[in-house]
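Since every read-out is calculated from the coordinates, none of them should be taken as a lab result. The structure presented is a predicted model; accordingly, all values stated were derived computationally and were not measured. We place every Cβ from the backbone using ideal geometry, glycine too, and count neighbours over all the protein chains shown.
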Amino acid sequence: MDAIKTMSLTKYYGKSKGIEDMNLTIEQGDFFGFIGPNGAGKSTTIRTLLGLISPTSGNARILGMDIIKQREDILSQVGYMPSEASFYRNMRVRDVIKFSADLRHRDCSKEAGYLCGRLELDTSKKIRELSLGNRKKVSIICALQHNPELCILDEPTSGLDPLMQREFYAILEERNAKGTTIFVSSHILSEIQRYCRHAAVIREGRLLTSDTTENLGHTDTKRVRLRGVSSLPDLLHIKDVQTDGDSLSFLYGGKLDILLNTLAGLPLTDVSITEPDLEEIFMHYYIDTK
Amino acid sequence: MTLIKHELKQGQATLLIWTSVIGFMLAACILIYPEMGTQMSDVGSMFAEMGSFSAAFGMDRLNFGEFMGFFGVECGNVLGLGGAFFSALLGISVLAKEEKEQTAEFLLTHPISRRKTAAQKLVSVLLQIIILNIIVIAVTFISICMIGEEPEIRPLLLLFLAYFILQVETAAICFGISAFISQSGLGIGLGIAALFYFLNIIANLTEDAKFLKYITPFGYTESADIIADKCLKTEYLSVGLVLTALGIGIGFCRYCTKDIHS
């Protein structure tokens with residue numbers, strides 16, 4: 001059974017496009033990243049899956065259940081962390097966490113206490129006294145305390161400091177090891193590349209590609225860094241040139257022997273040829289398809 | 001149940017303030033009655049002779065010299081207007097506030113259907129109106145006992161019943177509107193309550209505008225009618241009940257299908 005399967009899912013806001021013809025499949029137990037720039041349709045996809053907005057056409061199933069007809073059943077097995085961590089401002093943290101558990105008719109106090117400890121969250125404070133990072137922590141606890149089968153996390157790490165980001169992903173990896181499917185949307189590619197097994201790239205409401213993060217990062221393109229030269233070698237298929245004093249770097253998408261032959265004639269003091277990271281591929285290829 | 005409890009807790013400060021203010025003003029008016037009563041026979045005839053101004057508030061048909069006449073006008077303004085404002089505020093914000101405060105995304109991604117969400121919110125509004133009325137009625141009866149008046153019970157209770165239905169109707173209409181807005185609708189809510197009140201005044205002023213009494217819930221809370229007839233005007237009341245049902249029905253339909261934006 002797939003954790004998430006969308007079938008030609010489409011959402012229009014009046015005439016403007018939210019997402020179009022989205023066919024996305026996420027297997028149960030996967031750690032899946034959903035990458036795209038702001039406004040690409042990541043949140044629209046997620047909000048449609050959760051029944052906050054209704055699709056214009058197409059359909060989707062979560063854990064084998066229909067997103068429209070079985071919304072309540074789906075939500076009882078899903079933990080969702082919205083990108084905006086907004087809660088009832090006058091409530092105390094522990095009351096919000098308890099309210100969330102009560103709405104699920106579950107006693108999650110033990111797990112909530114454990115998570116609060118790990119994330120170092122003071123539950124006696126009022127929501128309005130919290131920083132964005134701390135509100136995010138409340139959001140994480142509300143999404144995880146009931147041990148859901150599927151976690152849908154929309155831009156979860158914005159506002160969290162690097163240490164907390166690491167702790168947060170450590171918790172997600174532990175959950176994933178126990179069988180929980182994790183679906184994370186982000187525009188930060190490095191974290192997707194680091195933690196996710198599969199990822200999909202979305203732009204302007206359309207799914208561009210969905211593959212393993214390894215394959216997504218593996219292309220015919222190389223990042224070439226040279227030291228000792230200040231002018232660009234005479235090569236085709238060069239992109240994203242960056243110069244810094246006597247060193248320069250560029251993305252090369254042509255044949256490797258031509259590159260090596262050209263470099264052999266240059267007075268280089270250092271050279272490195274590496275796989276570009278996802279971020280570079282994303283920035284310079286998907287944006288170029290515009 | 002969880003959501004009802006949550007709503008009541010969120011609204012308790014507002015409920016406390018409105019109940020205290022309305023209860024205090026009603027009690028104050030009742031407690032000063034004995035002092036005013038002695039001068040009332042003169043004042044009463046003066047009030048009754050102010051032409052259309054008297055008619056606007058139904059004072060031409062009420063005997064100000066009697067407690068019920070005095071209470072009818074005074075109660076009409078304090079509980080009628082106060083209750084209408086309170087219930088309009090409750091109704092207009094009950095659904096919309098989640099989107100305004102950006103808590104809708106949190107609430108509606110829990111396993112609770114939109115229909116149950118709207119139903120529990122509606123019940124919490126009704127409960128708050130009931131609590132306000134119980135306290136206000138208790139305060140009124142205590143105050144009446146304190147000044148030693150023994151008014152007829154039936155018209156008094158009918159008055160309270162009429163005001164209760166008015167509050168429910170106002171809340172229901174505002175509830176319906178609340179499902180369509182995602183910003184604060186306080187202006188709309190207060191506007192509707194005030195509009196209802198003034199429609200009744202206009203209807204009292206001229207015979208040509210009498211039909212307005214069908215539209216405004218203040219039509220069936222007219223104390224002069226209730227005290228004289230000892231029953232509520234069913235023709236106005238039935239329109240009110242239809243509007244109540246429409247408000248609730250439209251609110252539910254809209255809320256169950258609307259897109260919730262962040």
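Rounded to the nearest 0.05, what FRET efficiency do B:F141 and B:T14 give with R0 = 22 Å and r taken as the Cβ-Cβ distance? Could you check? Once the sixth-power term is evaluated, E becomes 0.35.
Go through A:137-147, B:222-232 and give me the packing order, highest mean Cβ count within 10 Å leading.
Values: A:137-147: 24.2, B:222-232: 19.3.
In descending order of packing, they fall as A:137-147, B:222-232.
As a calculated quantity, the FRET efficiency between B:V123 and B:Q39 at R0 = 41 Å, using C-beta atoms, amounts to about 0.30.
Let me confirm one metric for peptide B:1-14, namely the mean number of other chain beta-carbon atoms within 10 Å of its residues' beta-carbons.
Shielding by partners across B:1-14 averages 2.
Working from label points 7 Å from Cα in the Cα-to-Cβ sense, the A:D73 to A:D244 distance is 5.6 nm.
Based on the Cβ-Cβ distance from A:R225 to B:S113, what FRET efficiency comes out when R0 is 51 Å, to the nearest 0.05? Efficiency, from the Cβ-Cβ distance: 0.35.
Could you work out how much longer the chain between A:D161 and A:M65 gets when fully extended? Use 0.36 nm per residue separation minus the Cα distance between them, nm to one decimal.
Details: separation 96, 0.36 × 96 = 34.56 nm, distance 3.62 nm.
Stretched fully, the A:D161-A:M65 segment lengthens by 30.9 nm.
Spherically averaged projected area of the convex hull of Cα atoms, chain A: 18.1 nm².
At 0.36 nm per residue, and after removing the present C-alpha to C-alpha distance, how many nm does the segment from A:K126 to A:R92 gain when stretched out fully?
Here the answer is 11.8 nm.
Counted over all Cα-Cα pairs of chain B, pairs farther apart than 22 Å make up 56 percent. In chain B, the longest principal axis of the Cα atoms and the axis of helix B:186-205 are about 30 degrees apart.
Grab the stretch A:2-216 and count how many Lys pairs have their alpha-carbon atoms under 13 Å apart, sequence gap of 8 or more, or different chains.
On the way: A:K11/A:K42; A:K17/A:K42; A:K98/A:K110; A:K125/A:K137.
So the count works out to 4.
For chain B, lysine pairs separated by 8 or more sequence positions, or belonging to different chains, with Cα-Cα distances below 28 Å total 22.
Let me check against my output: what whole-number percent is the relative contact order of chain B, with C-alpha pairs under 8 Å and at least 6 apart?
Values: 350 pairs, mean separation 73.2, N = 262.
Relative contact order for chain B comes out at 28 percent.
Within a straight-line Cα-Cα reach of under 26 Å, A:K255 can be paired with the following lysines, leaving aside sequence neighbours fewer than 8 residues apart in one chain: A:K222, A:K239, A:K290.
Per DSSP helix of 4 or more residues, -39500 (n - 2.57); summed, then divided by the residues of chain B. What does that give at 222 nm, rounded to the nearest 500?
Values: 13 runs with 197 residues, N = 262.
Mean residue ellipticity, 222 nm, calculated: -24500 deg cm²/dmol.
If you bin all the Cα-Cα distances of the protein assembly as shown at 10 Å, starting from zero, the percentages per bin are 3, 15, 20, 17, 13, 11, 9, 5, 3, 2, 1, 0.
Dividing the alpha-carbon radius of gyration of the stretch A:222-274 by the rule-of-thumb value 2.2 N^0.38 Å gives 0.99.
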